[in-house]
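Each value in this text was obtained by applying a stated rule to the coordinates, not by laboratory testing. These numbers come from a predicted model, not from an experiment. Note: ideal-geometry Cβ built from the backbone for every residue, glycine included; neighbour counts use all protein chains shown.
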Amino acid sequence: MNLKEVSELRRRWRPEKSAVSRIYGCFVNSSKEIICDLDEPLGRMPQEEAEKYLALLKKVLSGTLGKNLIDIVFSTQQVMDGEEHRLLTAMRSSELKDGSIRQAFYQKVISSLDLGESKYLILLACDAYDVPYRGKDDALQSGTSETVFNYLLCAVCPIKEGKVELGYFPGDNEFHCAATQTVAAPELGFLFPAFDDRAANIYNALFYSRKPGELHQEFIDAVFHIDPPMSAAEQKETFQTALSEALGGACSMDVIQAVHEQLAAKIEEHKQSKDPEPLTVSVDGIGAILRDCGINDEQISAFGSLCSERFGEGAVLNPVNLIDAGRVEIKTAQASVSVDPEYSYLVETKLVDGKKYIMLPAEDGIEFNGFAVGLSVADSEE
């Protein structure tokens, strides 16, 4: 799925837009027991309540592709006869109306998901989207639907315990102390099937994780039974390790600066272009950057081999997951320096009297914890 397709579905999740008729789910306590089953018609809910449910489910379609939103790819064998795919398909085709199918799904989630001691709410809903024709000007033309996209959304939302407060209880006509329990934003969830080329793709699902560094591999394995994808944090660490190991002593600050600047430039260009497709860069593309920095072919080849081994043969990488384009931080064992990426070129490393130093120009003034300070007299005289 691309960004435009995700956004198109997101716009559905408002009471006046969606075809959602019921909200299903269950409340799971810290002992992994279902203590409440949810099966409510959306149309009978107060408007504010209905909007809250839809907003929670809509959150599963938010974030960055390749970071919070991860493509789940099923094998042909799974689609033909896989237990996990068969359950998801049954949920979709029954429009979640079969209670026994829902319970089978709940148990699969509960037995695998690790949210520590947290209570949580599993939410499920189905939507039927009359996909309108998109004209040459890219505008959607209502009333011109040629297909209906039937899909389901799942959201797993932690339950947050509030502070114990004194409050009035009308039923008892008394005041008591009680703690409120509120439903937080989803920790994870998914869309099935994927909406690829504005049509159903039963070979794919779209998985959501609120924290890009925590993909809940146990949930992915239980619900989809695929090899767990690398999280954004794992991709970044793997990329950094491959670069350091391949370049060895040639992994200088100048080289890493150049790689960071060029990948950051690609991210910015992609953002400005508003291209809905996720940004990718090949290992060979990064190799070309290294070659421009004077890295020899043997080291570039070693980098390519390490990437093939750890990311997979012919892997394409998302620059957003490889660098933090919004910041540059330089660390030593004793200190760290943060620099606006736009001015990272000003940072230099130098060897002075046999010692390594990080150098920053200070022509425009210096601040120490907010205080404007000047250079010492001795430094000024030099």
Cα-derived Rg to Rh of segment 54-119, Kirkwood definition: 1.00
Using a 7 Å offset from Cα along Cα-Cβ at Glu83, what residues in segment 190-209 end up with backbone N under 11 Å from the label point? none
What length, rounded to one decimal in nm, is gained on full extension from Leu346 through to Ser62, with 0.36 nm per residue of separation minus their alpha-carbon distance? 98.6 nm
Filter the trypsin sites (Lys or Arg not before Pro) in segment 78-185 down to the DSSP loop ones having no more than 14 other Cβ atoms within 10 Å, then list what survives. Lys97, Lys136
Going by alpha carbons, how many degrees (0 to 90, nearest 10) lie between the helix axis of 253-273 and the longest principal axis of the chain? 40 degrees
For segment 221-288, shape from the Cα gyration tensor axes a ≥ b ≥ c, cut at a/c of 1.5 then a/b versus b/c, turns out oblate
Translational diffusion coefficient (Stokes-Einstein; Kirkwood radius from C-alpha pairs) of segment 252-365 at 37 °C, 0.692 mPa s, in µm²/s: 204 µm²/s
When the Cα centres of segment 17-69 and segment 184-255 are compared, how far apart do they sit, in Å? 24 Å
Lys331 to Glu161: extension gain in nm, 0.36 nm per residue of separation minus the Cα-Cα distance? 57.3 nm
Residues in segment 217-252 near a label at Ser301, defined as backbone nitrogen under 16 Å from the 7 Å Cα→Cβ point? 246-247
I'm checking a number: the convex hull volume of the Cα atoms of the chain, normalised per residue, in Å³. What is it? 228 Å³
Once you place label points 7 Å from the Cα toward the Cβ at Arg44 and His270, how far apart are they in nm? 4.7 nm
Pairing the Cα long axis of helix 232-247 with the longest principal axis of the chain, what angle in degrees results, from 0 to 90 and rounded to the nearest 10? 30 degrees
Given a Förster radius of 22 Å and the C-beta distance between Ala19 and Ala185 as r, what FRET efficiency does 1/(1 + (r/R0)^6) yield to the nearest 0.05? 0.40
Checked segment 102-217 against the a/c 1.5 cut and the a/b vs b/c comparison, axes a ≥ b ≥ c from its Cα gyration tensor; verdict prolate
Which one of Gln103, Gln262, Gln334 has the biggest mean-square fluctuation once the chain is modelled by GNM with Cα springs under 10 Å? Gln334
